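Take a look at the structure set out below.
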Amino acid sequence: MKLLAAAVSFIIAAEGASIETNVQSLLQQVIGFDARSKPNILFVITDDQDLELDSVAYTPLIQKHLRDKGTFFRNHFVTTALCCPSRVSLWTGRQAHNTNVTDVKPPYGGYPKFVDRGFNDNFLPVWLQEAGYDTYYTGKLFNAHTIDNYDSPHVNGYNGSDFLLDPYTYAYLNSTYQRNHDPPVSYEGQHTTDVITKKALGFLDDALEGERPFFVTIAPIAPHSNVDPSAIETGEITMGAPIPLERHQHLFEDVKVPRTKHFNPDEPSGVSWVRDLPQQNKTVVDYNDYFYRSRLRALQGVDELVDNLVKRLEESDKLDNTYIIYTSDNGFHIGQHRLPPGKTCGYEEDIRVPLFIRGPGIPEGHVQDSVTTHIDLAPTIFDLAGIPPRSDFDGTAIPLTLDFDGLRHEHVTVEFWGKAVMEGSFSAIGPGGSAMIPNNTYKSLRLLGEGYNLYYSVWCNNEHELYDLSTDPYQLYNLYPHGAQTDDGEPRILGRSLSQAVNRLDALLLVLKSCQGGTCIEPWNVLQPENPVRSFRDALDKHYDAFYRAQPRVSFDWCAAGHIVEAEGPQVPLTTRYGISWDNWV
Ligand SMILES: *[C@@H]1O[C@H](CO)[C@@H](O)[C@H](O)[C@H]1NC(C)=O
Ligand SMILES: *[C@@H]1O[C@H](CO)[C@@H](O)[C@H](O)[C@H]1NC(C)=O
Ligand SMILES: *[C@@H]1O[C@H](CO)[C@@H](O)[C@H](O)[C@H]1NC(C)=O
Ligand SMILES: *[C@@H]1O[C@H](CO)[C@@H](O)[C@H](O)[C@H]1NC(C)=O
Ligand SMILES: *[C@@H]1O[C@H](CO)[C@@H](O)[C@H](O)[C@H]1NC(C)=O
């Protein structure tokens, strides 16, 4: 193929433009032939589905088709726990600090910001079409993609699309979808999951009939909260429990939110506004249990949708050459740390999401422990499609096969800007009875390696958190104050004092909060390119104590609602690069 392409460009150069048309059609035949051998990809992305609260245990068909027939990535994380930023990161392979789509609406986020930043011409479906794929999408793409702005411009990159539009995106019984370049259509009175199931199967049929390999994405809104569109018009928006299909309304009567140690605890935990949350009374706890059951019920429609999609693939002759990827845009908490239902936090509930992948060569019933993130998914799809990775990818292809020999990483960079959003009937806990709490701006680091399991965060008011999840899986005991004050006290991390550990974590976060491309994937290489340091464990070596003590610290100058670099303190770490002698640090 390469040889032929080289020969073809030689002919063009030698013979001039007249021959070009013939050559192009010849090339197209060859590329078309080449493209047919590429695998198909079916991508299902739910909205706000948790991993930690056990939602997958209530979806038996997803377990049967995806977990048992594929690989479960049990350490999969999002990089921003909010729909729109997380989705833009997912479809571009870049951290939110590099997309600068950091919120659900302008000026810092939403569909208009995605367009302004040029991503409508430069995101996964566009790249896949260029690589020979037919692409289809139905469901929610981004927030602030509305009945008013859907055609200015239309979303690029899809052969077929049918998008949910605001303000009807989350109205389970009053949704509006917008197909290709047609005007929006209201499905008032129908259940959104029924609507999307028909659309999804229609696009899958189109894709199966096509000549080229396909990339089909199905993005149902379950189990996201229900939002009444008329409430948006009056400004009194509440995010209520999701509405299941009628046949699922009475399931799981006795099911409650798991009563883990961090469920509505007697002692407050966390920092900033989380630490001020009051303990929830019985009325609120009962409501939260109802909210939890509603989510599980709403997910049943998705479970059946996945079953229908897999059956349709089975009936075709293409299942053997199709990868199925299942995940969610961010996680969800209900009652942990006394929180009302919602996301936007850096806790495990919010940043861990399900990820199942099945397909040719992927081990069945396998559990993969490697750390993977949403910004790794675009690189992974490139890998599956045989496209070389882009240099602006902040993530790297994830290990799909047992003999995977690509790059792995032990870190997740978690970032957030702006408001925390409370959901449900008891959400009015912000300033002036609002469901929004400002200054939920933080940078954090989730780190899982051999012998350590840590979460480290720096908030915009310069409060810090450090949880050692190997001893404190529920993130109740903030070790940071000790780390800041004492050098010899217990507990220790990998045998080193907390302050030595924090010095490394902080330097790593300093690199990651403004990393780009390769530096997001191999951050230690920025700090210590001249030393054999590839992990937190390596960096903890006593020889490097002075070097890490001398680093500038991650800090904020003020709490900004978006990615305003001037508010975000030091940007550049000390490095052993640029001929600085190692002896300076010893
Ligand atoms: C899908 O769109 C691409 C890009 O416009 C085009 O080349 C391809 O032929 C389309 N496929 C179908 C089945 O129309
Ligand atoms: C659907 O939304 C429209 C516009 O807000 C409203 O007028 C109508 O009553 C809603 N229908 C239902 C069934 O909620
Ligand atoms: C429980 O707490 C909620 C939210 O603060 C409050 O509205 C409600 O009145 C309380 N119920 C009782 C019985 O105290
Ligand atoms: C939020 O942060 C800003 C800027 O740092 C500060 O002026 C304001 O008082 C903070 N608001 C709250 C509710 O903490
Ligand atoms: C991100 O977008 C906001 C809003 O447009 C802008 O003020 C800010 O400077 C941008 N940040 C970067 C790093 O470009």
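The values are calculated or read from the model by the stated rules, or taken from the named source; none is laboratory data. Since the model is a prediction, treat every value here as computed from it, not as a measurement. Methodologically, a virtual Cβ is constructed for each residue, glycine included, from the backbone with ideal geometry; neighbour enumeration extends over all protein chains shown.
Per-structure values
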| read-out | value |
| --- | --- |
| Filter result (among the charged types (D, E, K, R), free of Cβ contacts under 8 Å to residues at least 60 places away in the same chain and not in a helix (DSSP H, G or I)) within segment 514-546 | 530, 534, 541 |
| Any hit, segment 266-280, residues being away from ligand 1 (no atom under 16 Å from the Cβ), within 30 Å of residue 139 (Cβ to Cβ), of a type in the set (S, T, N, Q) and in contact with a strand residue (DSSP E or B) (Cβ under 9 Å, 6 or more places away or on another chain) | no |
| Test result for residue 71, more than 19 Å from the chain's Cα centre (by Cα), buried (at least 20 other Cβ atoms within 10 Å of the Cβ) and in the same structural domain as residue 52 (by TED's automatic domain parsing) | no |
| Single unsatisfied condition, residue 359 versus (1) modelled with pLDDT of 95 or more; (2) out of contact with any strand residue (DSSP E or B) (no Cβ under 6 Å at 6 or more places or on another chain) | (2) |
| Lone unmet requirement of (1) touching a residue at least 24 places away in the same chain (Cβ under 8 Å); (2) farther than 16 Å from residue 226 by Cα; (3) more than 16 Å from ligand 1 (Cβ to nearest atom) for residue 286 | (1) |
| Failed criterion for residue 350 (all others in (1) touching a helix residue (DSSP H, G or I) at 6+ places or on another chain (Cβ under 7 Å); (2) at pLDDT 95 or above hold) | (1) |
| Segment 354-409: number of residues that are assigned to a loop (DSSP other than H, G, I, E, B), within 20 Å of residue 217 (Cβ to Cβ) and touching an Asp or Glu at 6+ places or on another chain (Cβ under 7 Å) | 4 |
| Some residue of segment 177-198 being in the same structural domain as residue 218 (by TED's automatic domain parsing), touching a strand residue (DSSP E or B) at 6+ places or on another chain (Cβ under 8 Å) and of a type in the set (Asp, Glu) | no |
| Segment 48-80, residues that are touching a helix residue (DSSP H, G or I) at 6+ places or on another chain (Cβ under 7 Å) and within 14 Å of residue 349 (Cα to Cα) | 49, 50, 52, 53, 55, 56, 77, 78, 79, 80 |
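Results for (1) at pLDDT below 95; (2) surrounded by 20 or more Cβ atoms within 10 Å (Cβ to Cβ); (3) assigned by TED's automatic domain parsing to the domain that holds residue 259, shown as yes or no for each residue.
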| position | (1), (2), (3) |
| --- | --- |
| 413 | no, yes, no |
| 420 | no, yes, no |
| 435 | yes, yes, no |
| 457 | no, yes, no |
| 470 | no, no, no |
| 473 | no, no, no |
| 498 | yes, yes, no |
